[in-house]
Amino acid sequence: MRIIQTIIVVASIIGSSIPVANANYAERSEVKTMVKRLAAKGLDPQKVLALMSEAKRLDSVINAMNRPAERKKWKDYRSIFLKRPRVLAAKSFYHRHKKTLARAELELGVPVEVILAIIGVETYFGKNKGSFRALDALATLGLDYPKRAKFFLGELESLFLLAKEENLSVTDLKGSYAGAMGFGQFIPSSYLAYAVDFDNDGRRDLINNPVDAIGSVANYLMRHGWDKTYGVATAVSNAAFNVKKMESAIVIKETGSELVEQGVQGIPTEWAQLPLDVLGLHGIKGDEFWAVTKNFYVITRYNRSPLYAMAVTQLSEEIAKELAL
Ligand SMILES: [Ca+2]
């Protein structure tokens, strides 16, 4: 009975005021399964189906997925993010949110400059939060991008849960081509799991509220294991032998003293007992090598690319210098 009603409701919606969607995502079997799961969590299946019938397939989203910036080499990638204007924008954002940033560092243990660097790389301090409807982006990738369909279908489901939990309109939520939203570009599952109400107004608003966004970025890093007692990365030499593949995902496994025994030069003495990895990058002046700590790995929980993590690390250093932190 309910199924029949649903079909009638959806059919009447499609046939009436809402523009005809180009993909008919509401009719897909994956969506019907998702709607059942959402219904079990208290969402109205008819409303979810009606929203899914509005979701549009965006070829621009698929095209963007097929050419990520992370395919560049470090020497080209670096210059996108490490420019003077971004450091100056960090300075201005810092002066507007100094107290919040200091409180985030104090309460969550993540340095001010790292929080700033993440928000700076992600959205230029809120300037580029993305203009794709999250519903369209996630529906397109979840239903028309087989390579990552499972992941994005999960994010689409999280988007509906998020909208219910935070009392947001699914169709109003905007973000990147991958459905990442707000100052810190949180995907829906991360928003649900790691966003915090840092100004205590009863809502977790990462899209329009920089205070919640700052607290949430710090919380995300803290919850993934950020440790303020040591740094992130340092340049080392005589380390090429340790790196099988340049610019590849890092695996924290050998301690500083083990690397020193192997002949790697430049490891800080205070990192002797610390588990590290050596990252190789194609730099402007040739290959460069970096000893990186678990904090570097934690940044890759935000974005898997080691180039991303290095851009955040170096931008944070530039910001710290500029602000004399
Ligand atoms: Ca709030």
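The values are calculated or read from the model by the stated rules, or taken from the named source; none is laboratory data. Quantities reported herein were computed from a predicted structural model and do not represent experimental measurements. Note that each Cβ is placed from the backbone with ideal geometry, even for glycine, and that neighbours are counted across all protein chains shown. SASA here: full protein model, heavy atoms, side chains in, ligands and nucleic acids out. Shrake-Rupley method; radii C 1.70, N 1.55, O 1.52, S 1.80 Å.
In whole Hz, with x marking every Gly and Pro, tabulate ³J(HN,Hα) for the range 169-177 from phi via Karplus 6.51 cos²θ - 1.76 cosθ + 1.60, θ = phi - 60°.
Going residue by residue, I get 8, 3, 6, 7, 6, 10, x, 6, 5 Hz, with x marking Gly and Pro.
What list of whole percents do you get for P(r) of the chain, with Cα-Cα distances grouped in 20 Å bins up to the one holding the largest distance?
30, 51, 18, 1
Farthest toward the dipole's positive end in the chain, which of 225, 92, 48, given Cβ charges of +1 (Lys, Arg) and -1 (Asp, Glu) about the Cα centre?
My answer, from the dipole projection, is 48.
List the residues, sorted by chain then number, that are 5 or more residues from residue 132 or on another chain and whose placed amide H is less than 5 Å from its amide H.
175
Take the chain, connect every pair of alpha-carbon atoms lying under 10 Å apart with a spring to form a Gaussian network, then pick out the residue of 278, 114, 264 with the largest mean-square fluctuation.
Evaluated over the chain, the most mobile residue of the options is 264.
Ranked by accessible surface with a 1.4 Å probe, highest first, in what order do 246, 52 come?
On the way: 246 45, 52 0 Å².
Reading off the accessible areas and sorting them downward yields 246, 52.
Specify the inter-centroid distance of the range 60-96 and the range 161-219, based on alpha-carbon positions, in whole Å.
That distance is 21 Å.
Just want the answer: with Cβ charges of +1 for Lys and Arg and -1 for Asp and Glu, which residue in 284, 137, 299 is farthest toward the dipole's positive end in the chain?
About the Cα centre, the residue reaching furthest to the positive side is 137.
Report the charge-dipole magnitude of the range 164-206 in Debye, nearest 20, computed about the Cα centre from +1 at each Lys and Arg Cβ and -1 at each Asp and Glu Cβ.
Values: 4 positive and 7 negative charges, 39 e Å.
Charge dipole, the range 164-206, about its Cα centre: 180 debye, nearest 20.
Please turn the phi angles of the range 104-120 into ³J(HN,Hα) values with the Karplus equation 6.51 cos²θ - 1.76 cosθ + 1.60 (θ = phi - 60°), one per residue in order, whole Hz, x for glycine and proline.
After applying 6.51 cos²θ - 1.76 cosθ + 1.60, I find 4, 5, 5, 7, 10, x, 10, x, 3, 5, 6, 4, 4, 5, 4, 5, x Hz.
Could you put 34, 65 in order of accessible surface area, largest first, with the 1.4 Å probe and the full protein assembly present? Don't jump to the answer; show the numbers that get you there.
Details: 34 0, 65 30 Å².
Listed by decreasing accessible area, they come as 65, 34.
Check which residues have an amide H placed less than 5 Å from residue 236's amide H, if you skip close sequence neighbours.
Those lying under 5 Å, H to H, from residue 236 are 289, 290, 291.
Could you work out the helix-only [θ] at 222 nm for the chain, with each DSSP H run of four or more residues adding -39,500 (n - 2.57) and the total divided by the number of residues, to the nearest 500 deg cm²/dmol? Mind showing how you got there, number by number?
Numbers: 15 runs with 168 residues, N = 325.
Taken over the chain, the calculation gives -15500 deg cm²/dmol.
Can you tell me the dipole magnitude for the chain around its Cα centre, using point charges on the Cβ only (Lys, Arg +1; Asp, Glu -1), in Debye to the nearest 20? Mind showing how you got there, number by number?
Numbers: 43 positive and 35 negative charges, 151 e Å.
Rounded to the nearest 20 debye, it is 720 debye.
Would you mind working out the magnitude of the charge dipole of the range 194-286 relative to its Cα centre, with +1 at each Lys and Arg C-beta and -1 at each Asp and Glu C-beta, to the nearest 20 Debye? Mind dumping the intermediate values first?
On the way: 8 positive and 12 negative charges, 66 e Å.
The dipole magnitude comes to about 320 debye.
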